[in-house]
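Beneath this line is the structure, given in structure tokens, with notes to follow.
The values are calculated or read from the model by the stated rules, or taken from the named source; none is laboratory data. Here the structure is a predicted model, which is why all the values come from computation and not from measurement. Every residue, glycine as well, gets a Cβ built from its backbone with ideal geometry; the counts of neighbours run over all protein chains shown.
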Amino acid sequence: MTNLSRCFNIADLREAARLRMPRGIFEFIDRGAEDEIALRDNRAAFQALKFSPHVLVDVSQRSTETTLFGKKLSLPMAVAPTGAAGLCWFEGELALAKAAAKAGVPFAMATGSITSMEKIAQEAGPAAGGQLWMQLYMWRDRNLSYELVKRAHRAGWEALLLTVDTAVGPNREYNSRNGFSLPFQMNARAVWDMVLHPGWTMGVMGAYWRDRGMPRHENYPKEFQRSITADPGNKTAMRNDSLCWEDIHRLRDIWPGTLMIKGVMRADDAVRCAEMGADAVIVSNHGGRNLDSAPPTLEILPEIAAAVGDRIPLILDSGIRRGADIVKAVALGAKAVLTGRATLYGTAAAGEAGATHAINLLRKEMDTVMAYVGCNHVDELSPDILRLARQPAEAMRRVFEPA
């Protein structure tokens with residue numbers, strides 16, 4: 001297991017994960033789409049935004065705590081839904097959920113998780129202090145999706161997170177080069193990759209084989225699992241390029257809990273989500289993993305915040321690697337952020353302990369930045385503490401240079 005005392009930031013956890021995991025799995029969680037322009041731009045947007053700190057402010061009473069949907073969070077973040085968490089660590093979703101519960105932040109589980117939603121609800125749900133969000137990809141057979149939604153409600157999941165930015169499968173060429181697919185399939189490339197990473201092979205794949213055989217999507221209907229396993233190249237049933245606004249109406253009717261829409265990148269779409277009864281919008285370009293020329297989410301956030309106002313909270317996704325990034329996102333209008341890769345790296349490095357370490361690193365960094373910029377409370381974070389680097393994006397320019 002990774003020596004976490006030598007991991008001083010998320011980049012260190014990333015390197016520990018890279019060394020421990022087979023290349024195919026690591027690149028699946030680490031890389032973007034096509035030429036990875038959006039992946040780089042997400043980070044560049046955070047790096048281009050600078051702080052304008054207040055000094056001589058008593059910050060001895062500062063706190064990273066906030067509230068979202070009426071519940072307290074230890075810092076304004078939630079763990080993002082990530083479909084390969086269960087390949088980073090044996091039952092990696094459960095490790096992430098337990099870490100999130102202990103840290104006081106919500107955990108969102110991907111539709112394609114390897115651990116069942118019932119097991120996570122039982123071991124990391126409200127009784128354990130957890131706040132559970134269920135992510136949904138709407139399948140072509142909508143009735144199967146509706147049954148999954150009802151199952152999540154019965155299991156005690158409190159929020160539904162509908163992902164709307166993946167109408168078709170993304171172009172990630174490295175997956176083909178690495179022979180990697182989901183659900184995980186054995187082939188010559190995968191076997192050689194496993195031989196080169198015996199620690200992962202014994203600790204993750206070996207644990208699944210001993211427990212249940214090949215890892216599979218536990219939340220998929222059984223007949224759905226069988227069809228995908230029999231023909232992994234044919235994922236037509238999993239795609240839904242007919243997803244439309246009417247689907248939000250239907251989900252709002254059958255889902256009694258919090259409803260969030262993930263993958264919104266336009267102000268007019270965000271406003272329409274609010275008008276249709278969504279409880280939050282997640283500004284996301286899927287971590288640069290889908291549309292490669294999508295703009296960075298931090299650039300789009302101020303425009304959406306201005307349009308939506310106080311009607312519903314905004315959550316920013318894509319590119320979070322430092323506590324400073326959380327401060328910048330909140331200052332520009334986000335109520336919280338989602339972290340996907342950052343906590344996955346921790347999980348891949350050391351399971352629940354690694355995920356906890358990742359969250360604690362982000363919290364400590366955020367606390368330090370708040371002290372430097374002169375803010376005691378999260379609700380004090382505003383554009384006043386920010387300044388632009390040279391050649392700012394037009395969307396951000398309007399925040400600082402209004403007409």
Counting only residues in region 202-217 that are surrounded by 14 or more Cβ atoms within 10 Å (Cβ to Cβ) and touching a residue at least 24 places away in the same chain (Cβ under 8 Å), the one nearest to residue 113 (Cα to Cα) is identified as 217
Kindly indicate whether residue 38 is at pLDDT 95 or above, hydrophobic (A, V, I, L, M, F, W, C), surrounded by 17 or more Cβ atoms within 10 Å (Cβ to Cβ) and under 22 Å from residue 336 (Cα atoms). yes
List the pairs whose first member sits in region 60-71 and is at negative phi, whose second member is outside any loop (DSSP other than H, G, I, E, B) and basic (Lys, Arg), and whose Cβ atoms are under 6 Å apart, counting only residues at least 6 apart or on separate chains? 64/363
Among the residues of region 1-41, write down those that are without any contact (Cβ under 8 Å) to a residue 60 or more places away in the chain and under 20 Å from the mean Cα position of the chain (by Cα). 12, 15, 18
Cβ pairs under 7 Å, 6+ apart or interchain, first in region 118-137 and closer than 23 Å to residue 261 by Cα and in contact (Cβ under 8 Å) with a residue 60 or more places away in the chain, second small (Gly, Ala, Ser) and part of a loop (DSSP other than H, G, I, E, B), ordered by first then second residue, are 135/110
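Condition check ((1) surrounded by fewer than 16 Cβ atoms within 10 Å (Cβ to Cβ); (2) in contact with a Phe, Trp or Tyr (Cβ under 7 Å, 6 or more places away or on another chain); (3) assigned to a loop (DSSP other than H, G, I, E, B)) across all residues:
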position	(1), (2), (3)
242	yes, no, yes
247	no, no, no
256	yes, no, yes
260	no, no, no
273	no, no, no
277	yes, no, yes
290	no, no, yes
Out of curiosity, is residue 103 among the small types (Gly, Ala, Ser) and within 29 Å of residue 166 (Cα to Cα)? no
Pick from region 58-84, criterion out of contact with any Lys or Arg (no Cβ under 8 Å at 6 or more places or on another chain) and among the hydrophobic types (A, V, I, L, M, F, W, C), ranking: surrounded by the fewest Cβ atoms within 10 Å (Cβ to Cβ): 59
Assuming residue 164 fulfils every condition listed in (1) of a type outside the set (D, E, K, R); (2) at positive phi; (3) in contact with a strand residue (DSSP E or B) (Cβ under 8 Å, 6 or more places away or on another chain) apart from one, which condition is it? (2)
Identify all residues within region 333-349 that are surrounded by 24 or more Cβ atoms within 10 Å (Cβ to Cβ) and over 13 Å from the mean Cα position of the chain (by Cα); write none if there are none. 334, 346, 347, 348, 349
